[in-house]
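The values are calculated or read from the model by the stated rules, or taken from the named source; none is laboratory data. What you are looking at is a predicted structure, and each value in this text was computed from that prediction instead of being measured. Using ideal geometry, Cβ is built from the backbone for each residue, glycine included, and neighbour counts are taken over all protein chains shown.
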Amino acid sequence: MTIVPTLLEGCIVITPRIFNDDRGYFFESYNEQNFNKALGYQANFVQDNQSYSTKGVLRGLHLQKGEHAQAKLVRVTKGEVLDVAVDLRTGSPTYGQHFSVKLSEENNQQLFIPRGFAHGFIVLSDVAVFQYKCDNYYNKTAEGGLHYADPELNIDWGMSATELLVSEKDLELPFLKDAGDLGF
């Protein structure tokens, strides 16, 4: 696997080594020893999640606050998404900045998002199956997030607002300037 750091410290893009032949392909999608060596610390994933979405669905920007914060290792097994991570770590030199990458069944890339980030994605293909590992259990009382269209974040989601399918819950998320203490 190839590890490429992003401009946001701790956020990395992982590209697996793919073995192709006339029968198809094979790749190792996760190896705890190699992954933790690349990170430089031990990540202990405790929960796997999967979502199915159609074109234009935007999920995010979500986070878990305080002691329930989560690091995530995300990937797409069907389709293509634009995946976005926003640095919300107090004192970080890249606080409020974001990184985006296209993840797809074609490139098989993964994005590791450390604790202290908001996360979201938009489906670019007709459908997408999105999978992610979390290093902490989901806790409803620790839910938080930021509005996807926050002008301060200035995220280009790659589609016009009329093409987006956003949940009512996500439409009510605050802008960064109004979010208060996010626990990072």
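Return the residues of the range 35-65 that are part of a helix (DSSP H, G or I) and out of contact with any strand residue (DSSP E or B) (no Cβ under 9 Å at 6 or more places or on another chain); say none if nothing qualifies.
Passing the criteria: N36, K37.
Of the residues that make up the range 111-126, is at least one more than 15 Å from V81 (Cα to Cα), surrounded by fewer than 20 Cβ atoms within 10 Å (Cβ to Cβ) and of a type in the set (S, T, N, Q)?
Within the range 111-126, not a single residue is more than 15 Å from V81 (Cα to Cα), surrounded by fewer than 20 Cβ atoms within 10 Å (Cβ to Cβ) and of a type in the set (S, T, N, Q).
Residue check: is Q70 part of a loop (DSSP other than H, G, I, E, B) and under 17 Å from the mean Cα position of the chain (by Cα)?
Considered against the rule, which asks whether it is part of a loop (DSSP other than H, G, I, E, B) and under 17 Å from the mean Cα position of the chain (by Cα), Q70 comes out as yes.
Can you tell me which residue in the range 136-169 is farthest from N107 (Cα to Cα), limited to those that are surrounded by fewer than 18 Cβ atoms within 10 Å (Cβ to Cβ), touching a residue at least 60 places away in the same chain (Cβ under 8 Å) and under 17 Å from the mean Cα position of the chain (by Cα)?
That would be E143.
For the range 46-53, does any single residue satisfy the condition of being under 15 Å from A118 (Cα atoms) and either exposed (fewer than 13 other Cβ atoms within 10 Å of the Cβ) or of a type in the set (A, V, I, L, M) (or both)?
Within the range 46-53, none of the residues are under 15 Å from A118 (Cα atoms) and either exposed (fewer than 13 other Cβ atoms within 10 Å of the Cβ) or of a type in the set (A, V, I, L, M) (or both).
Could you check the range 32-71 and list, in sequence order, the residues that are over 14 Å from Y132 (Cβ atoms), in contact (Cβ under 8 Å) with a residue 12 or more places away in the chain and out of contact with any Leu (no Cβ under 9 Å at 6 or more places or on another chain)?
N34, A38, L39, N44, E67, H68
Right, K169: part of a helix (DSSP H, G or I) and modelled with pLDDT of 95 or more or not? Give the derivation first.
Working: part of a helix (DSSP H, G or I): yes; modelled with pLDDT of 95 or more: yes.
Taking the combined requirement at face value, the residue satisfies it.
State the number of residues belonging to the range 172-184 that are closer than 22 Å to V101 by Cβ and not in a loop (DSSP other than H, G, I, E, B).
Residues in the range 172-184 being closer than 22 Å to V101 by Cβ and not in a loop (DSSP other than H, G, I, E, B): 1 in total.
Out of the residues in the range 75-90 meeting the condition of being in a strand (DSSP E or B) and surrounded by fewer than 23 Cβ atoms within 10 Å (Cβ to Cβ), tell me which one is nearest to the chain's Cα centre (by Cα).
Of everything passing the filter in the range 75-90, L82 is nearest to the chain's Cα centre (by Cα).
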